[in-house]
1. Please list, short to long, the whole-number percent of alpha-carbon pairs of region 1-110 in consecutive 10 angstrom bins beginning at zero.
2. Any idea of the accessible area per residue across region 90-167, 1.4 Å probe, to the nearest Å²?
3. Could you give the Stokes-Einstein D for region 111-157 in µm² per second, using the C-alpha Kirkwood radius, 37 °C, 0.692 mPa s?
4. Run the quick spin-label model on residue 10 and residue 74: label points 7 Å from Cα toward the beta carbon, then report their separation in nm to one decimal.
5. Give me the three principal axis extents of region 92-180 from the C-alpha atoms, as integers in angstrom, largest value leading.
Amino acid sequence: MRNPDRPSFARAAGLLLTFRLSREELARLDGRHLALGLACTWLVGVGRYWDDPAASVWRKTGLGSIVYAAVLCAFLWIVVAPLRRPGEPWLSYTKLLTFITMTAPPAALYAIPVERFVSMSAAIQVNLWFLAVVASWRVALLVHYLSRGVGLRWPAVIVATLLPLALIVTVLTYFNLADGVISIMGGLRERGETADDGVNGVLLVLALLSYLAVVPLLLAYGVLVVKARWWQGGPRRALPR
């Protein structure tokens, strides 16, 4: 029999994606939600390439999306965990992975075969907009989760959100991988046929902002970690794992 205290996946996902899941409900997400979240992550991974005849067999399996979610979760956990002050709710890797996989449904936009309805150049622009919408939505959800679910203060929430983004973009740009990653994430195809598809402009803006922000964010992160270790405030009630 289903535990009435644990929200169904559909209800929990709907409330989460609309920023309405309470702290208590976030804390009650369990292995059932994780399993269904992984299934959603796999499905949107399959949907990203279902109509792309040039995609490799590995990409069409959708398993790459699950690997990506697991690696991203590990990176975020490493960044966020030291910001937690004594007495604040513990952030487990499993809880964070559950949250990340439950944000997968918006990526179903990538499964829309826009290339079949418009020219390739127009399809690239539409897919870039899809990528911007999904990425912005997920970043906003991460801010919501770190604030409400993890209980971080706003300075820590801002740094924990922006620092991983800046580091990822900086590293990808340094190794000339950013263009390929955006193409994969956005499902951009046959870009060689389009001289100016807007991707270069997006990369330039992201790279510039990341380069300018990464050092100040690292300094702010160090200060917040030190403050978290030295904080002697009263303990807060730990939420169930």
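The values are calculated or read from the model by the stated rules, or taken from the named source; none is laboratory data. Remember, predicted model here, so these are calculated numbers, not experimental data. Using ideal geometry, Cβ is built from the backbone for each residue, glycine included, and neighbour counts are taken over all protein chains shown. When the accessible area is computed, the model is the full protein with side chains, heavy atoms only, and any ligands, DNA or RNA have been set aside. Shrake-Rupley method; radii C 1.70, N 1.55, O 1.52, S 1.80 Å.
1. Reading upward from the zero bin: 14, 39, 32, 12, 2, 0.
2. The answer is 40 Å² per residue.
3. The diffusion coefficient I find is 260 µm²/s.
4. 3.5
5. Result for region 92-180: principal-axis Cα extents of 46, 31, 22 Å.
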